[in-house]
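The values are calculated or read from the model by the stated rules, or taken from the named source; none is laboratory data. On a predicted model such as this, the values are computed, not experimentally measured, just so you know. Cβ atoms come from the backbone with ideal geometry, glycine included; neighbour counts cover every protein chain shown.
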Amino acid sequence: MHIPERGPAQARIGISIAVPEPWATVLQEAREDFGDPRAATIPPHITLIGPTVVDEAIMPVVWKHLEKVASETPVFRLHLRGSGTFRPVSPVVFVNVVEGIAECEQLELATRSGILAQDVRFNYHPHVTVAHELSDDALDRAFTQMAGFDAAFDVTALWQYEHGDDGVWRPQRRFPLRGA
(Lines give C-alpha, C1' and ligand atoms only; values in the text may rest on other atoms or scores of the structure.)
Protein backbone atom coordinates (compact mmCIF):
# COMPACT_ATOMS: atom_id res chain seq x y z
CA MET A 1 0.00 0.00 0.00
CA HIS A 2 1.32 3.42 -0.92
CA ILE A 3 1.23 5.73 2.10
CA PRO A 4 2.10 9.32 1.14
CA GLU A 5 4.37 11.34 3.40
CA ARG A 6 2.77 14.10 5.41
CA GLY A 7 4.26 17.20 6.93
CA PRO A 8 3.46 19.33 9.96
CA ALA A 9 -0.13 20.60 10.08
CA GLN A 10 -1.23 17.92 7.60
CA ALA A 11 -3.48 14.89 7.95
CA ARG A 12 -3.33 11.62 6.05
CA ILE A 13 -6.93 10.66 5.33
CA GLY A 14 -8.93 8.08 3.43
CA ILE A 15 -12.62 7.97 2.50
CA SER A 16 -14.37 4.60 2.71
CA ILE A 17 -17.51 2.59 3.21
CA ALA A 18 -17.18 0.74 6.51
CA VAL A 19 -18.14 -2.93 6.60
CA PRO A 20 -20.58 -3.31 9.53
CA GLU A 21 -20.69 -5.99 12.20
CA PRO A 22 -20.79 -8.93 12.36
CA TRP A 23 -18.94 -9.10 9.02
CA ALA A 24 -16.23 -6.61 9.98
CA THR A 25 -15.00 -8.91 12.74
CA VAL A 26 -15.21 -11.98 10.48
CA LEU A 27 -13.15 -10.25 7.77
CA GLN A 28 -10.62 -8.82 10.20
CA GLU A 29 -10.11 -12.20 11.88
CA ALA A 30 -9.71 -13.85 8.47
CA ARG A 31 -7.08 -11.27 7.49
CA GLU A 32 -5.24 -11.95 10.77
CA ASP A 33 -5.47 -15.72 10.14
CA PHE A 34 -3.87 -15.30 6.70
CA GLY A 35 -0.93 -13.59 8.43
CA ASP A 36 -1.50 -10.07 7.12
CA PRO A 37 0.33 -7.72 9.50
CA ARG A 38 -2.03 -4.88 8.54
CA ALA A 39 -5.09 -6.73 9.86
CA ALA A 40 -5.06 -4.90 13.19
CA THR A 41 -4.43 -1.48 11.64
CA ILE A 42 -6.95 -1.36 8.80
CA PRO A 43 -10.67 -1.86 9.55
CA PRO A 44 -12.56 -3.80 6.83
CA HIS A 45 -13.81 -1.30 4.26
CA ILE A 46 -14.47 -0.48 0.62
CA THR A 47 -12.11 2.34 -0.37
CA LEU A 48 -13.53 5.39 -2.10
CA ILE A 49 -10.40 7.57 -1.83
CA GLY A 50 -7.13 5.97 -0.81
CA PRO A 51 -4.47 7.54 1.41
CA THR A 52 -4.43 11.29 0.73
CA VAL A 53 -2.55 14.09 2.48
CA VAL A 54 -4.41 17.34 3.14
CA ASP A 55 -3.61 20.45 5.13
CA GLU A 56 -5.43 20.37 8.47
CA ALA A 57 -6.61 23.95 7.79
CA ILE A 58 -8.79 22.76 4.91
CA MET A 59 -10.43 19.85 6.74
CA PRO A 60 -13.67 21.87 7.24
CA VAL A 61 -13.83 22.29 3.43
CA VAL A 62 -13.23 18.55 2.99
CA TRP A 63 -16.03 17.79 5.46
CA LYS A 64 -18.39 20.19 3.68
CA HIS A 65 -17.61 18.45 0.38
CA LEU A 66 -18.27 15.01 1.90
CA GLU A 67 -21.49 16.22 3.54
CA LYS A 68 -22.70 17.44 0.13
CA VAL A 69 -21.80 14.14 -1.55
CA ALA A 70 -23.54 12.16 1.20
CA SER A 71 -26.63 14.38 1.08
CA GLU A 72 -27.01 13.62 -2.63
CA THR A 73 -26.41 9.86 -2.34
CA PRO A 74 -29.24 7.48 -1.42
CA VAL A 75 -28.80 4.48 0.87
CA PHE A 76 -28.02 1.40 -1.23
CA ARG A 77 -27.64 -2.35 -0.86
CA LEU A 78 -24.15 -3.82 -0.95
CA HIS A 79 -23.56 -7.54 -1.37
CA LEU A 80 -20.16 -9.11 -0.79
CA ARG A 81 -19.60 -12.62 -2.12
CA GLY A 82 -16.66 -14.81 -3.04
CA SER A 83 -13.02 -14.03 -3.53
CA GLY A 84 -10.99 -12.27 -6.18
CA THR A 85 -7.40 -11.21 -6.73
CA PHE A 86 -5.38 -8.54 -8.48
CA ARG A 87 -2.50 -10.98 -9.05
CA PRO A 88 -0.19 -10.90 -10.97
CA VAL A 89 -0.42 -7.08 -11.10
CA SER A 90 -0.66 -6.68 -7.33
CA PRO A 91 -0.36 -9.28 -4.52
CA VAL A 92 -3.88 -8.76 -3.17
CA VAL A 93 -6.79 -11.10 -2.41
CA PHE A 94 -10.17 -9.54 -1.76
CA VAL A 95 -13.86 -10.20 -1.26
CA ASN A 96 -15.92 -9.23 -4.31
CA VAL A 97 -18.66 -6.63 -4.39
CA VAL A 98 -21.42 -8.32 -6.43
CA GLU A 99 -24.28 -5.87 -5.78
CA GLY A 100 -23.85 -2.14 -5.35
CA ILE A 101 -20.95 -1.84 -7.80
CA ALA A 102 -22.47 1.03 -9.79
CA GLU A 103 -23.39 2.87 -6.59
CA CYS A 104 -19.83 2.49 -5.26
CA GLU A 105 -18.44 3.74 -8.58
CA GLN A 106 -20.73 6.78 -8.51
CA LEU A 107 -19.84 7.50 -4.88
CA GLU A 108 -16.11 7.20 -5.64
CA LEU A 109 -16.43 9.67 -8.53
CA ALA A 110 -18.44 12.11 -6.44
CA THR A 111 -16.01 12.00 -3.50
CA ARG A 112 -12.96 12.25 -5.79
CA SER A 113 -14.01 15.68 -7.05
CA GLY A 114 -13.78 19.27 -5.86
CA ILE A 115 -11.37 19.67 -2.95
CA LEU A 116 -10.54 15.92 -3.15
CA ALA A 117 -9.99 15.77 -6.94
CA GLN A 118 -7.02 13.59 -7.79
CA ASP A 119 -5.68 11.22 -10.41
CA VAL A 120 -5.68 7.50 -9.63
CA ARG A 121 -3.10 4.86 -10.54
CA PHE A 122 -5.67 2.14 -11.32
CA ASN A 123 -9.28 2.06 -12.46
CA TYR A 124 -11.66 1.95 -9.51
CA HIS A 125 -12.72 -1.56 -8.48
CA PRO A 126 -14.79 -1.77 -5.27
CA HIS A 127 -13.67 -4.64 -3.02
CA VAL A 128 -12.68 -5.55 0.55
CA THR A 129 -9.01 -6.54 0.91
CA VAL A 130 -8.38 -9.65 3.03
CA ALA A 131 -4.71 -10.33 2.20
CA HIS A 132 -2.04 -7.94 0.91
CA GLU A 133 1.64 -8.46 0.09
CA LEU A 134 1.84 -11.96 1.58
CA SER A 135 3.49 -15.12 0.28
CA ASP A 136 1.89 -16.90 -2.67
CA ASP A 137 0.85 -19.74 -0.34
CA ALA A 138 -0.92 -17.31 2.03
CA LEU A 139 -2.61 -15.53 -0.88
CA ASP A 140 -3.74 -18.86 -2.33
CA ARG A 141 -5.14 -19.89 1.06
CA ALA A 142 -6.98 -16.55 1.41
CA PHE A 143 -8.43 -16.92 -2.08
CA THR A 144 -9.65 -20.45 -1.36
CA GLN A 145 -11.00 -19.78 2.13
CA MET A 146 -12.87 -16.59 1.19
CA ALA A 147 -14.52 -18.16 -1.88
CA GLY A 148 -17.62 -19.00 0.19
CA PHE A 149 -17.91 -15.61 1.94
CA ASP A 150 -21.35 -14.02 1.61
CA ALA A 151 -22.71 -10.90 3.31
CA ALA A 152 -25.22 -8.21 2.39
CA PHE A 153 -26.01 -4.92 4.11
CA ASP A 154 -27.30 -1.42 3.45
CA VAL A 155 -24.70 1.30 3.00
CA THR A 156 -25.98 4.19 5.11
CA ALA A 157 -22.87 6.38 5.36
CA LEU A 158 -19.40 7.10 4.12
CA TRP A 159 -16.51 7.63 6.53
CA GLN A 160 -13.44 9.80 6.72
CA TYR A 161 -10.57 7.89 8.31
CA GLU A 162 -7.24 9.25 9.53
CA HIS A 163 -3.93 7.40 9.48
CA GLY A 164 -2.16 7.85 12.82
CA ASP A 165 1.55 8.04 13.52
CA ASP A 166 1.18 4.51 14.92
CA GLY A 167 0.10 3.22 11.49
CA VAL A 168 -3.54 2.65 12.49
CA TRP A 169 -6.45 3.85 10.34
CA ARG A 170 -9.21 5.22 12.59
CA PRO A 171 -12.70 6.39 11.66
CA GLN A 172 -12.95 10.12 12.35
CA ARG A 173 -16.20 11.34 10.89
CA ARG A 174 -19.39 9.71 9.60
CA PHE A 175 -21.38 11.24 6.72
CA PRO A 176 -24.92 9.75 6.56
CA LEU A 177 -26.31 9.11 3.07
CA ARG A 178 -29.48 11.17 2.66
CA GLY A 179 -30.20 11.32 -1.08
CA ALA A 180 -33.66 10.70 -2.46
Within segment 151-180, track down each residue that is loosely packed, with under 13 Cβ neighbours inside 10 Å and either among the aliphatic types (A, V, I, L, M) or at pLDDT below 95 (or both).
164, 165, 166, 167, 179, 180
The one condition in (1) within 24 Å of residue 65 (Cα to Cα); (2) loosely packed, with under 14 Cβ neighbours inside 10 Å; (3) among the small types (Gly, Ala, Ser) that residue 148 fails to fulfil
(1)
Write out, first by first residue and then by second, each pair whose Cβ atoms fall under 9 Å of each other, whose residues are 6+ apart or on separate chains, and whose first residue, in segment 167-180, is at positive phi while the second is exposed (fewer than 14 other Cβ atoms within 10 Å of the Cβ).
167/3
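Going by the structure shown, is residue 85 farther than 21 Å from residue 18 by Cβ and crowded, with 16+ Cβ neighbours inside 10 Å? Full working, then the answer.
On the way: farther than 21 Å from residue 18 by Cβ: yes; crowded, with 16+ Cβ neighbours inside 10 Å: yes.
Answer is yes for this residue.
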Within segment 81-130, the residues that are small (Gly, Ala, Ser), in a loop (DSSP other than H, G, I, E, B) and closer than 18 Å to residue 157 by Cβ are 100
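Of the residues 144, 73, which single one is more than 23 Å from residue 41 (Cα to Cα), among the hydroxyl-bearing types (Ser, Thr, Tyr) and outside any helix (DSSP H, G or I)?
Working: 144 fails: outside any helix (DSSP H, G or I).
Result: 73 is the single residue among 144, 73 that is more than 23 Å from residue 41 (Cα to Cα), among the hydroxyl-bearing types (Ser, Thr, Tyr) and outside any helix (DSSP H, G or I).
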If you go through segment 84-115 one residue at a time, how many are more than 24 Å from residue 137 (Cα to Cα) and not hydrophobic (A, V, I, L, M, F, W, C)?
10
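What residue, of 5, 21, 29, is of a type in the set (Asp, Glu), exposed (fewer than 15 other Cβ atoms within 10 Å of the Cβ) and modelled with pLDDT under 95?
Values: 21 fails: modelled with pLDDT under 95; 29 fails: modelled with pLDDT under 95.
Checking each option against the conditions leaves just 5.
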Would you check if there is a residue in segment 53-65 being under 16 Å from the mean Cα position of the chain (by Cα), crowded, with 20+ Cβ neighbours inside 10 Å and at negative phi?
no
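From the residues in segment 1-24 that are outside any loop (DSSP other than H, G, I, E, B) and free of Cβ contacts under 8 Å to residues at least 60 places away in the same chain, which one is farthest from residue 90 (Cα to Cα)?
Just the residues of segment 1-24 that are outside any loop (DSSP other than H, G, I, E, B), to begin with: 10-18, 23-24.
Right, trim to free of Cβ contacts under 8 Å to residues at least 60 places away in the same chain and you get 10, 24.
Values: 10: 29, 24: 23 Å.
Residue satisfying both the conditions and the ranking: 10.
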Which members of segment 68-97 meet the condition of being more than 18 Å from the chain's Cα centre (by Cα) and either farther than 16 Å from residue 146 by Cα or among the hydrophobic types (A, V, I, L, M, F, W, C) (or both)?
68, 71, 72, 74, 88, 89
Picking from 26, 89, 61, 19, which residue would you name as being aliphatic (A, V, I, L, M) and farther than 24 Å from residue 173 by Cα?
89
